[in-house]
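Colleague: Okay, here's the structure, questions in a sec.
The values are calculated or read from the model by the stated rules, or taken from the named source; none is laboratory data. Because the structure is predicted, anything quoted here is derived from the model rather than measured. Neighbour counts are summed over all protein chains in view; Cβ atoms, including those assigned to glycine, are modelled from backbone coordinates with ideal geometry.
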Amino acid sequence: MDEPLKDLAGPRLLAGLASTRFGSIEIHASIDSTQTLLVAEGGRDGRVVVADHQTAGRGRAGRSWTDVPGAMLMFSALLRDIPPQRSALVGLAAGVAVARAIGGNARLKWPNDVRIGGRKVCGMLGELAPTGDYVVIGIGVNVGHADGDLPAELEATSLRIASGGTPPRRDDLCASILRELDALVGADFMDDYRALCETIGTRVRVDLGGRTLEGTAGSVRDDGALVVDGEAVVAGDVVHVR
Ligand code: BTN
């Protein structure tokens, strides 16, 4: 473990996770990627790796994920014993967990971007281990960014900007997210997902890699697929068309 970090204290985080599966927390001042480490190394169910800064952070669809050191909550959590048909739902459960932990007007853009006022505040990446026996969910929340820290083209916000006040401590926020996730993983949560999902009822454009689908998102099925004009989309980048 590296030097203790302001608002990212291991004992405080662990204390907030009593009686959950998340009993192993590692905090790094700097690492290539919490996600890369956990996917490669594996470990026990409930292992969590947190970083103050990543030098090679990874986003969805092979994109890179950059951060401002000290401003973002970034962590990956390992989950075992997820039935294969539910592994794709872990990312949706994590979306609900983050939206609940943030509270207020946090909403979900399918599949699991968390947004406030139409601006992205959190992204997540769910990956199945090459061996297929565990899922790693990686979460990055913009917490302490000030105006100007986030490039305008990202159409992003932070908890500090959105609240206009003092953001939560990252350790407390991480514990809240993981407590919610612990309860949601084995539960039937799709009605909660749909209630938070602002994509439903919206006109969308979906990049299916080779084909673009434009239409109205009617629903999200229990298996997590987005239904656009009757066509089920299981993966793809979605744009809400204004
Ligand atoms: C996205 O919206 O494209 C997903 C971003 C996921 C970023 C998180 S930060 C913690 C974890 N480590 C990574 O390298 N990526 C995820």
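Colleague: Would you pick out the residues in segment 76-114 that are buried (at least 23 other Cβ atoms within 10 Å of the Cβ) and of a type in the set (Ser, Thr, Tyr)?
Modeller: Of everything in segment 76-114, just one residue is buried (at least 23 other Cβ atoms within 10 Å of the Cβ) and of a type in the set (Ser, Thr, Tyr), namely 76.
Colleague: Follow-up. Pick out the one residue from 73, 13, 38 that is assigned to a helix (DSSP H, G or I), crowded, with 19+ Cβ neighbours inside 10 Å and within 11 Å of the ligand (Cβ to nearest atom).
Modeller: Step by step, each of 73, 13, 38 is checked, and only 38 is assigned to a helix (DSSP H, G or I), crowded, with 19+ Cβ neighbours inside 10 Å and within 11 Å of the ligand (Cβ to nearest atom).
Colleague: On the given criteria, is residue 116 within 11 Å of the ligand (Cβ to nearest atom), in contact with a strand residue (DSSP E or B) (Cβ under 7 Å, 6 or more places away or on another chain) and free of Cβ contacts under 8 Å to residues at least 60 places away in the same chain?
Modeller: Taking the combined requirement at face value, the residue does not satisfy it.
Colleague: Right, another one. With segment 175-242 as the region, which strands (runs of 3 or more DSSP E) entirely inside it contain at least 2 residues that are surrounded by fewer than 19 Cβ atoms within 10 Å (Cβ to Cβ)?
Modeller: Filter on segment 175-242 gives 203-207, 212-220, 231-233, 237-240.
Colleague: Suppose we keep only residues that are over 8 Å from the mean Cα position of the chain (by Cα) and surrounded by fewer than 24 Cβ atoms within 10 Å (Cβ to Cβ) within segment 115-125. Which one would you say is nearest to residue 160 (Cα to Cα)?
Modeller: 116
Colleague: Still on this structure: Quick check, is residue 67 surrounded by 15 or more Cβ atoms within 10 Å (Cβ to Cβ) and either modelled with pLDDT under 95 or within 15 Å of the ligand (Cβ to nearest atom) (or both)?
Modeller: Spelling it out, residue 67 is indeed surrounded by 15 or more Cβ atoms within 10 Å (Cβ to Cβ) and either modelled with pLDDT under 95 or within 15 Å of the ligand (Cβ to nearest atom) (or both).
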